[in-house]
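> I have a structure here, written as structure tokens, and I will follow up with some questions on it.
No value in this document is a laboratory result; all are computed from the given coordinates. Since the structure is predicted, the reported quantities are computational estimates derived from the model, not experimental observations. Cβ: placed from backbone, ideal geometry, glycine included. Neighbour counts: every protein chain shown.
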Amino acid sequence: MRKLALKKLKSSDLSLFKSYLTNHPQTKQKGFNLDLSVIEKVFFPSLRASLEPLSKRAAHVDLTMYGPGMAGAHTLARKVKRDAKNIRLNGEIIDSPVTDPDRYDILAPGDFAVMEFVGAALPTAVNVVLVAAGSPEDATLHAKFASLLPSPADSMKVLPESQLEDAIKDAAPSISHPIRDWLDAALLEEVAQGSSEAVETLNKSRPGRGLSPSDLKAAKDSAERTGRLGEELLDQYLKSSGFSGVASHEWVAQVNAVSPFDFSLKMDDGSERHADAKSTSGKFSTPIYLSVGEIKHALSSGVPYDIFRLYEITESSASLRVARDIAPQVAPVYKAISAMPPGVKVDSLSFDPSFFEFAPDVFEVEVPEEDEEGE
């Protein structure tokens, strides 16, 4: 789901930083070279075509740098640019912030950048954690990443989120290390949804740092993409699998983004049901968010309202469980919020999935092979 990559930094990459370029003026590149096998073939298949009509064939991105060591966010505006042979992250040379004037001096060839690219057809933001061998706080992480790119010729690889999680757990950096901010995407999803409990957990794990505006925006964008992806996967699944009892379906939310349900299901017996796709990249136990409008619809429409819970979502798969007709469970909840004092309104609520009566059956949702090839 997340576009994560591990990059081994070469002298030419480090020329993006003023401190390195000053000491090595012979370097010419002045940007991070982005391997086509990763940036184009995996993350942005239409990248070259999308860059072609843009001025200087460059897309402006919000660049946020973390590290080396414990250094926090350094936010910049830069470009992802195409030239005759390569695609690079470049732009104005990066100087250390005035509050930390020696920040980037420690970087050397063989250090690493953990990179996250945000965007659909084009990158709109790039988040980078720099990991330096010369930083004591980075030592265990550097050793772990070196084992993932062991050859001197290795440059850049896709870094599955599960592999990043394993690397962080094995390296066990300080609890305040900025790379830990990337460990729990599901927690960031909950923060983006407005969960006060998730915000409290996040603030405890990042004392004094919280979440930067650019990171919050990225979390909201990611949560929105996860929701859309869940609907797309469910639509494909309903089309291809002949889901038990469903004769046909309509993806209502595709044409009406404010519909209180996502799908209308026509059942084999001629009856109708409404289905809401509740999606997360996290575990099944991740809270489910329902708007009051969705709750009211479940109670008043006269049509059974089902929750299709898609979890552990990737670009091409998810696990699925279904809770049928949630009206009996949400009726007392709606009664309680309707009794709020005048002037107080509740717009949405979060539910532990155990609140609903989910069937034990787990369905594995996968994009059909022909659809993957056609993307």
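> So, with +1 on the Cβ of K and R and -1 on the Cβ of D and E, and no other charges, what is the size of the charge dipole of the chain about its Cα centre, to the nearest 20 debye?
1540
> Sticking with this structure for a sec: How large is the helix-only mean residue ellipticity at 222 nm for the chain, computed as the sum of -39500 (n - 2.57) over DSSP H runs with n ≥ 4, divided by its residue count, in deg cm²/dmol to the nearest 500?
Computed ellipticity for the chain at 222 nm equals -8500 deg cm²/dmol.
> Evaluate the relative contact order of the range 174-294 (contact order divided by residue number), counting alpha-carbon pairs under 8 angstrom at least 6 apart; express in whole percent.
23
> Which stretch or stretches of the range 102-118 have amide N atoms under 15 Å from the point lying 7 Å from Leu148's Cα along the Cα→Cβ direction?
The answer is 111-117.
> Taking Cα pairs under 8 Å and at least six residues apart, what relative contact order does the range 239-294 come out at, in percent?
25
> Still on this structure, please answer the following. Figure the gain on full extension for Ser162 and Asp102 (residue separation times 0.36 nm, minus the Cα-Cα span) and round it to one decimal in nm.
So the extension gain works out to 18.3 nm.
> Can you pull the one-decimal nm distance between simple spin-label points at Lys283 and Ile175, each 7 Å off the Cα toward Cβ?
Going from the Lys283 label point to the Ile175 one covers 1.9 nm.
> Stretch Asp221-Ser271 to full length: gain in nm at 0.36 nm per residue minus the Cα-Cα span?
So the extension gain works out to 14.4 nm.
> Taking the Cβ-Cβ separation of Ser338 and Glu250 as r and a Förster radius of 30 Å, what is the calculated FRET efficiency to the nearest 0.05?
0.45
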